[in-house]
Structure formats: structure tokens, C-alpha cells
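Beneath this line is the structure, given in C-alpha cells, with notes to follow.
The values are calculated or read from the model by the stated rules, or taken from the named source; none is laboratory data. What you see is a predicted model; the values in this text were computed from it and never measured. Neighbour counts are summed over all protein chains in view; Cβ atoms, including those assigned to glycine, are modelled from backbone coordinates with ideal geometry. When the accessible area is computed, the model is the full protein with side chains, heavy atoms only, and any ligands, DNA or RNA have been set aside. Shrake-Rupley method; radii C 1.70, N 1.55, O 1.52, S 1.80 Å.
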Amino acid sequence: MTPPLPREDLQHVLDRTLPLWEELRGRRIFITGSTGFFGMWLVETFLFAHAALGLGARAVLLTRDPAAFARKAPHITSHPAIEMLVGDVKIFAFPPGEFSHVIHAAATSGTPVPPLEMLDTIFGGTRRVLDFAVAAGASKCLFTSSGAVYGRQPPDLTYITETYPGAPDLSEPTSTYGEGKRVAELLCATYSRQYALETKIARCFAFVGPHLPLDTHFAIGNFLRDALAGVPLMVRGDGTPVRSYLHAADLAIWLWTILFRGTSSRAYNVGSEQGVSIANLACKVRDLLDTSLIVHIARAPDPNRPPARYVPSTARAAEELGLRETIPLEEAIARTATWQRSAGL
């Protein structure tokens, strides 16, 4: 069982989304991916706003294993404003009644999945959710896409914008995730044009915060796991790739804002512009949590190979929606570690 999100984080989100929630008063929202990192933040911030504002709204959460979800988060599954729907995102039976909003946050990026299964889940799941949104009379649907749609970011491109014309390398099976998200974005745009459905697209980059898996391929999660366990922090490559990390409280603010206020069929980068090398990130985690630990870097950098980058431009989100990063990386790491300790994870 995991504890609820810190009240400080929940209040942080509510304070910065307060004018948006009236749109959900007395309505129903449907959410996929509710048991994952994004989903947990969306559901818990919804419930916090529901209680604080007396929204009288309801959320239906799609899950393949409601018993496991109940063990993980009984404070969510037992809430009177929550209803569970059992099913696979590609074939789930449509729940009856009308829904005003839909969020498709189901993801396959956290665990290894065969490429064909991943592509089938991204494409088939997105189409099923969009068909449901139309059938349920929803007015707005948020799709959580990924910065992977851009393919490899050129090392001399400091920030990647939504207009960058790059794409994943179609000759590489590792491009399945990014290309799947590209096709899913095309589906969203197509449905928006064909039906009375506003589809909102959030191209998400890298994040840190409670509920982030510590045992998958997310570097910052691995470093937090090692530091909390008191063992050396392992950098498996040369430490030169540059990433940026947005705290999940800011992520929730951005996702809710894009759902309610974003322009239909228009993609918004979601992330931080504060780039940091993986080696420096490991040192930063070590310095914040346990200075006695060693950071081990697997191999020396190749001086003839420029560092890879994965850092978004967030100018569009700032200019059109007023979105800003509000929690610095050091504070984000410290907050996450505090929650992980309280969760005994």
C-alpha cells in the first residue's frame, strides 16, 4: 500500500488550477492509466479538488486489475467519487451514460514490452478511447503523448520545439514507442476534425516525484533508489546525455490546464527546460541525500561524440497557457525522497 500524495503537493496543484475545476462540476470524467505514475497524480489531484470545491463530480477509472489497485491505493478505490471499470484499454466495454471529459494516460513506457504489442496497445488503445469519447458525448479528451515523437534530438539543438520536423528512425524497432505516439496523435487530430470532440495533446518528457518507478529505465528513479538504499549510484553509460526533469506536481498542473484550456489538436511540450547531464544528476541526488556515497560511471565519454539531448522548449505552453516550472530540481528530488521514505519504498 502506498500513502496518499503529500498535502503540500496537492495544495500546490489546486492553487494553480483553481479556476479550471468548475468545468467538471456535476460531471463525469473517464481516465485510463489511472494506476500509473501520471494516473495516480491525476486521480489524487482530482479527488483533492473534488473535496475542496465540492464538485460533485465522479471519475471512472479503467484498470485491468482492480484488486491490485485496491491494495496499492485503497484511499482512491474506496472513495465514493470513484468507480472502477475492469478492462483492457484496447477492448474495454464502454461504461454507460455520458462523460464530459476523457483522459487517455495509459502507457507502455515503464516496463519492457515487445515492439508489436507496444504498437498495438498505443494505436488500438488510443482508437478505442477516442471511440468511447465520441460515444459518451465527451467534449474534451487529453492524450498523453511523448517527446519521443521527435526522434533523436540533434546535439546542437538546445531545446526542441513542437514545430521540429524530426521523427523516429523507422528502421529501428526501438522507435516503436515514439512512432506509435505519432500515429496516436494523428488519430486525435482526425477524430477532432470528424467529430465534435476537442483532442488535447501533451508531449511529455521526463519527470520526478512520488509514484515514479524506481526500478525501471528511468535514470533519476534508479539514482533515488540507490541513494535511499545507501549503495553506490550507478551510471550505466558515460554520463553525458542531457535530460531535464519536471516535478510531478507541476506535471499535474500542466496536464489539467492542457485538458481544460489547450487548443484542440495542438501539441504542447510538457517538461523542464533546465538541462542536466546524467552524471551531474547522479551527483546531485547523492549530494542531496547521502554525501558519503560513490557515483560510479561505467565508461569514459567519447570526445568525438557530442552528448545526446532530450530537453524541450516550453515556450508554447508558457505563452498560450501561462504554464511555468515552479519547483526547482533540487527541491523536486528532496520532496520525492521524503515521500519515498514515508512510503517505505
Practice item. From the P(r) of segment 132-214, can you give the percent of Cα pairs sitting at distances over 22 Å? Key: 39
Check your understanding: Using +1 on the beta carbon of Lys and Arg, -1 on that of Asp and Glu, and nothing else charged, what's the dipole of segment 23-144 about the Cα centre, debye to 20?
Key -> 200
Exercise for review: Kindly give the semi-axes, whole Å and largest first, of the ellipsoid equivalent to segment 262-345, taking each as the square root of 5 times a Cα gyration tensor eigenvalue.
Suggested key: 29, 22, 10
Study note, to complete from the structure: Lys and Arg at +1, Asp and Glu at -1: neighbours of Pro155 with Cβ under 11 Å from its Cβ sum to +2
**Study point:** From phi via Karplus (6.51, -1.76, 1.60), per-residue ³J(HN,Hα) for segment 23-37 in Hz, x at Gly/Pro
**Key:** 4, 9, 4, x, 9, 10, 10, 10, 10, 9, x, 5, 8, x, 4
Review point. Taking the Cα atoms only, what angle lies between the long axis of helix 115-135 and the longest principal axis of the chain, rounded to 10 degrees?
Key: 30
Study note, to complete from the structure: The answer for Cys204, listing residues at least 5 apart or on another chain whose modeled amide H is closer than 5 Å to its amide H, is Ser145, Ser146, Gly147, Val270
Exercise for review: May I have the extent of the alpha carbons of segment 7-127 along their three principal axes, as whole Å values ordered from largest to smallest?
Suggested key: 43, 32, 26
Revision key, fill the gap. In Å, the Kirkwood hydrodynamic radius from C-alpha pairs for segment 101-174 sits at 14.5
Review point. Using the alpha-carbon centroid of each, what span in Å lies between segment 227-299 and segment 51-130?
Key: 26
Exercise for review: Quantify, in whole percent, the carbon and sulfur part of the accessible surface of segment 1-138 (1.4 Å probe; protein heavy atoms only).
Suggested key: 58
Review point. DSSP loop trypsin sites (Lys or Arg not before Pro) in segment 8-102 with at most 14 other Cβ atoms within 10 Å of their Cβ, which ones?
Key: Arg25, Arg64
Study note, to complete from the structure: Farthest towards the positive end of the dipole of segment 125-226, among Ile220, Tyr164, Ile201 and with Cβ unit charges of +1 on Lys and Arg and -1 on Asp and Glu, lies the Cα of Ile201
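Taking the Cβ of Met118 as the center, what net charge do the other residues with Cβ under 11 Å away carry, scoring Lys and Arg +1 and Asp and Glu -1?
That sum, taken over residues with Cβ under 11 Å, equals -2.
Could you grab the relative contact order for the chain? Cα pairs under 8 Å, six or more apart, rounded to a whole percent. Let's see the in-between values first.
Working: 660 pairs, mean separation 60.3, N = 345.
That works out to 17 percent.
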Revision key, fill the gap. Rounded to the nearest 500, the 222 nm mean residue ellipticity computed for the chain from DSSP H runs (n ≥ 4, each -39500 (n - 2.57)) alone is -12500 deg cm²/dmol
Practice item. Quick one: of Lys90/Lys140; Lys90/Lys181; Lys181/Lys284, which pairs are farther than 24 Å apart, Cα to Cα? Key: Lys181/Lys284
Point to revise | Cα pair distances exceeding 19 angstrom across segment 80-218, given as percent | key: 56
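So, counting K/R as plus one and D/E as minus one, what does the shell of residues with Cβ under 13 Å around Leu214 add up to?
Cβ neighbours under 13 Å give a net charge of 0.
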Review point. If you count the DSSP beta bridges with both ends in the chain, what percent of them are antiparallel, to the nearest 5?
Key: 10
**Study point:** Cα-centre dipole for the chain with unit charges at Cβ (Lys and Arg positive, Asp and Glu negative), debye to 20
**Key:** 360
Study note, to complete from the structure: If unit charges are put on Cβ atoms (+1 for Lys and Arg, -1 for Asp and Glu) and the dipole of the chain is taken about its Cα centre, the option from Ala67, Leu321, Leu246 lying farthest towards the positive end turns out to be Ala67
Exercise for review: Taking the Cα centre of segment 273-345 as origin, sum charge times position over the Cβ atoms of Lys and Arg (+1) and Asp and Glu (-1), and report the length of that vector in debye to the nearest 20.
Suggested key: 260
Practice item. Could you tell me what % of all Cα pairs in the chain have separations over 33 Å? Key: 25
Practice item. On the full set of protein chains, 1.4 Å probe, figure out the accessible area of Val231 and give it in Å² to the nearest 10. Key: 60
Exercise for review: Averaging over all projection directions, find the projected area of the Cα convex hull of segment 197-345 and quote it in nm² with one decimal place.
Suggested key: 9.8
